[in-house]
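Worksheet: the structure to be examined is printed underneath.
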Amino acid sequence: MPSAIEEIHREFGSRGLAVVAINMGEERDAVAAWVRRRNVSSTVVLDSTGEVTERYRVAFTPTVFLVDRAGRVVGKAVGNKAWTGEPGRALMRALLAR
């Protein structure tokens, strides 16, 4: 998970933004150590069976899905993006205002 996503989580989490990182197939202990080293405060879950990866057709990391409050996927981005730039922040504010 890029540090930009963590920064956005910390900035917008209190406004209702939920960031959930899905780890694809690594061992639980390795993921836990990575979370501690990076001081990640967002939710990180393991996709140990590959079901989530398959269902959402994730082929590359990072892949970010934007999901609205009704649970609908409203956007998808593959690769590192400038989430902390003004366009990224404006997108988060617009989604949270819905």
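The values are calculated or read from the model by the stated rules, or taken from the named source; none is laboratory data. Note that this is a predicted model, so its numbers are computed, not measured. For neighbour counting, all protein chains shown are included, and Cβ atoms are generated from backbone atoms with ideal geometry for every residue, glycine included. Just the protein is used for accessible areas: all its heavy atoms, side chains included, with ligands, DNA and RNA removed. Shrake-Rupley method; radii C 1.70, N 1.55, O 1.52, S 1.80 Å.
So here's what we get for this one:
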quantity: The range 73-98 residues that are outside any strand (DSSP E or B) and surrounded by 10 or more Cβ atoms within 10 Å (Cβ to Cβ), paired with ones that are modelled with pLDDT of 90 or more and not aliphatic (A, V, I, L, M) (beta carbon under 7 Å, 6 or more apart); calculated: Lys81/Gly88; Ala82/Gly88; Thr84/Glu7; Met92/Phe12; Leu96/Phe12; Leu96/Arg15
quantity: Residue satisfying all of: in the range 40-58; in contact (Cβ under 8 Å) with a residue 24 or more places away in the chain and assigned to a loop (DSSP other than H, G, I, E, B); farthest from Gly13 (Cα to Cα) among these; calculated: Gly50
quantity: Residue match in the range 5-19 (condition: farther than 23 Å from Leu95 by Cα and at pLDDT 90 or above); calculated: no
quantity: Residue match in the range 49-65 (condition: over 25 Å from Leu91 (Cβ atoms) and open to solvent by less than 30 Å² (accessible area, probe 1.4 Å)); calculated: yes
quantity: Some residue of the range 32-39 being out of contact with any Gly (no Cβ under 9 Å at 6 or more places or on another chain) and not in a helix (DSSP H, G or I); calculated: yes
quantity: Of all residues making up the range 1-31, the number that are hydrophobic (A, V, I, L, M, F, W, C) and not in a loop (DSSP other than H, G, I, E, B); calculated: 9
quantity: Pair list, Cβ < 7 Å and 6+ apart or interchain, from the range 6-32 residues that are on the phi > 0 side of the Ramachandran plot to residues that are loosely packed, with under 13 Cβ neighbours inside 10 Å; calculated: Gly25/Gly50
quantity: Residues within the range 21-48 that are exposed (fewer than 13 other Cβ atoms within 10 Å of the Cβ) and within 22 Å of Gly75 (Cβ to Cβ), tallied; calculated: 2
